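The values are calculated or read from the model by the stated rules, or taken from the named source; none is laboratory data. Quantities reported herein were computed from a predicted structural model and do not represent experimental measurements. Because the Cβ atoms are built from the backbone with ideal geometry, glycine has one as well, and the counts that use them run over all protein chains shown. Note: areas computed on protein heavy atoms with side chains; ligands, DNA, RNA excluded. Shrake-Rupley method; radii C 1.70, N 1.55, O 1.52, S 1.80 Å.
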Amino acid sequence: MSQSSGFSTRAVHAGQTPDQSTGAVIPPIHVTSTHMQDGIGGLRNGYEYGRAGNPTRTALEQQLAALEGASHAISFSSGLAAEDALLRGVLRPGDHVVIGNDVYGGTYRLLAKIFEAWGVAHTVVDLGNLRDVQGALRDETKVLWVETPSNPLMKITDIAELAEVGHAAGLVVVVDNTFATPALQQPLALGADVVVHSTTKYLGGHSDVIGGALVLNDDELHEKVRFMQFAAGAVSGPFDAYLTSRSIKTLDVRMERHSANAQKIAEFLEGRAGVERVYYPGLESHPGHALAASQMSRFGGMLSVALTGGEKAARRFAERLTVFTLAESLGGVESLVNYPSEMTHASVKGTALAVPENVVRLSVGIEDVDDLLADVDAALSRTAKKR
Ligand SMILES: *Cc1c(COP(=O)(O)O)cnc(C)c1O
């Protein structure tokens, strides 16, 4: 495999060289906390103690970096652990962060409830409004935090433009790429400094593992954040790293099906009785459609729908779906439905990031689309009748 190999070739092969001693096509899961030394300090391939490094984790990190043609990737025990290590690696008390107004609720909570108390301030802005972004910048601002498509309203922001604005002010520009994945969107190529993933979602892809990752090119920044992980300890375990590696191999084919299914469901919902608005960047009616088409290769598997019947109708619709399972999280092969204002986004109720109460979010899986459409149709009809 070479650097110029295609995306899926890299996804399947990077870091996944067959085992040297046995020829096992799949590299073994290295279940060990420590490594034998050949004399004091005589490390084999740099491995010493599992918090500093584990070969299964290294294999995943090589694979993650290869997905974006990046120099470095660091695998963490969760997406938020990755965010925490990045922020603590980069920021000091007195610093300031500018963050979008519909970023992942947990990212906002981390800044508002944890970092605030350690002397790091933040300003919430509409990332689609460059004047707002520029107006929020202070001398102490160190990080610009971008998420696109956003969660749950699927707002699209211009990564290349924000990277330019951020760099002009000397900021580290971070993009949370969890919704799009590197299969659909490559923020580093668009100018971002660091990509954050909750690998719990599409990269893991099967709703069976929690994990996170940072992907970046800058050597100095990489050293800082890797040291933070080593010193503070939020590493992924070998079994979790293995599961994530296994899943990444099918990422591109999964994203193709997720996107195709979501597009059909979005088109089906748009304009239907009981539906106020569909939030899906693949719809021409979506205000970010053209931008999404230019910076993403497909539109992904996430969509939200606002119902005309308000909170009641939204709750009913969410509870009446049967193929879609009512659960938090997203990005798995199975379709999930979530009622953001009481579930994933309960922590931002009453803040600038609050989600309208008539909105339901769908994570469209890879099932047969006809079954998904029938489920949505039935739930919507029954919701409308009950009113
Ligand atoms: C889930 C999620 C996170 C947090 O990841 P965890 O693995 O749950 O810690 C961050 N950003 C986005 C967009 C997410 O969906």
TODO: Those residues that are in contact with a Leu (Cβ under 7 Å, 6 or more places away or on another chain) and either open to solvent by 20 Å² or more (accessible area, probe 1.4 Å) or free of Cβ contacts under 8 Å to residues at least 12 places away in the same chain (or both), I need them from the range 192-228; list them, please.
DONE: ASP193, LYS201, ASP208, ASN217
Open item on the list: Of the conditions (1) without any contact (Cβ under 8 Å) to a residue 24 or more places away in the chain; (2) charged (D, E, K, R); (3) within 16 Å of the ligand (Cβ to nearest atom), ASP84 satisfies every one except a single condition; which number is it?
Closed with: (1)
Task: Search result, residues across the range 300-347 that are away from the ligand (no atom under 13 Å from the Cβ) and assigned to a helix (DSSP H, G or I) - done: GLY310, GLU311, LYS312, ALA313, ALA314, ARG315, ARG316, PHE317, ALA318, GLU319, ARG320, ALA346
TODO: Take the range 18-35 and flag every residue that is open to solvent by 90 Å² or more (accessible area, probe 1.4 Å) and closer than 24 Å to PHE76 by Cα.
DONE: VAL31
Task: Filter pass, PRO182 being open to solvent by less than 10 Å² (accessible area, probe 1.4 Å), assigned to a loop (DSSP other than H, G, I, E, B), within 15 Å of the ligand (Cβ to nearest atom) and modelled with pLDDT of 95 or more - done: no
- [ ] Quick one: which residue in GLU328, GLU270 is without any contact (Cβ under 8 Å) to a residue 24 or more places away in the chain, crowded, with 16+ Cβ neighbours inside 10 Å and either within 18 Å of the chain's Cα centre (by Cα) or not assigned by TED's automatic domain parsing to the domain that holds GLY211 (or both)?
- [x] GLU270
Task: Unique match (being part of a helix (DSSP H, G or I), closer than 30 Å to LEU321 by Cα and within 14 Å of the ligand (Cβ to nearest atom)) among LEU203, LEU243 - done: LEU243
Task: Filtered residues of the range 1-22 (kept if among the acidic types (Asp, Glu) and modelled with pLDDT of 95 or more) - done: none
Open item on the list: Looking at the structure I just gave you, is HIS167 touching a strand residue (DSSP E or B) at 6+ places or on another chain (Cβ under 9 Å) and assigned to a strand (DSSP E or B)?
Closed with: no
TODO: Scan the range 338-355 and give yes if some residue there is farther than 30 Å from SER77 by Cα, in contact with a Gly (Cβ under 7 Å, 6 or more places away or on another chain) and open to solvent by less than 70 Å² (accessible area, probe 1.4 Å), otherwise no.
DONE: no
TODO: Please name all residue pairs, on different chains or six or more residues apart, with Cβ atoms under 6 Å, provided the first residue is in the range 28-50 and is touching a residue at least 24 places away in the same chain (Cβ under 8 Å) and the second residue is open to solvent by 60 Å² or more (accessible area, probe 1.4 Å) and assigned to a loop (DSSP other than H, G, I, E, B).
DONE: GLY50/SER33
Open item on the list: Would you confirm, using the coordinates I've provided, whether THR244 is open to solvent by 30 Å² or more (accessible area, probe 1.4 Å), under 23 Å from ALA14 (Cα atoms) and among the hydroxyl-bearing types (Ser, Thr, Tyr)?
Closed with: no
Task: In the range 92-109, residue nearest to the ligand (Cβ to nearest atom) [restricted to those that are open to solvent by 10 Å² or more (accessible area, probe 1.4 Å) and at pLDDT 95 or above] - done: ASP95
Task: Residue match in the range 153-160 (condition: under 19 Å from the mean Cα position of the chain (by Cα), of a type in the set (D, E, K, R) and within 16 Å of the ligand (Cβ to nearest atom)) - done: yes
Open item on the list: Would you confirm whether or not the range 132-148 contains a residue that is away from the ligand (no atom under 12 Å from the Cβ) and out of contact with any strand residue (DSSP E or B) (no Cβ under 9 Å at 6 or more places or on another chain)?
Closed with: yes
- [ ] Go through the range 248-299 residue by residue and tally those that are over 14 Å from GLY331 (Cα atoms), in contact with a Pro (Cβ under 8 Å, 6 or more places away or on another chain) and part of a loop (DSSP other than H, G, I, E, B).
- [x] 3
- [ ] Those residues that are in a loop (DSSP other than H, G, I, E, B) and within 10 Å of VAL323 (Cα to Cα), I need them from the range 366-387; list them, please.
- [x] GLU367
- [ ] Would you please name the residue that is nearest to LEU362 (Cα to Cα), looking only at residues in the range 207-230 that are in a loop (DSSP other than H, G, I, E, B) and away from the ligand (no atom under 14 Å from the Cβ)?
- [x] ASN217
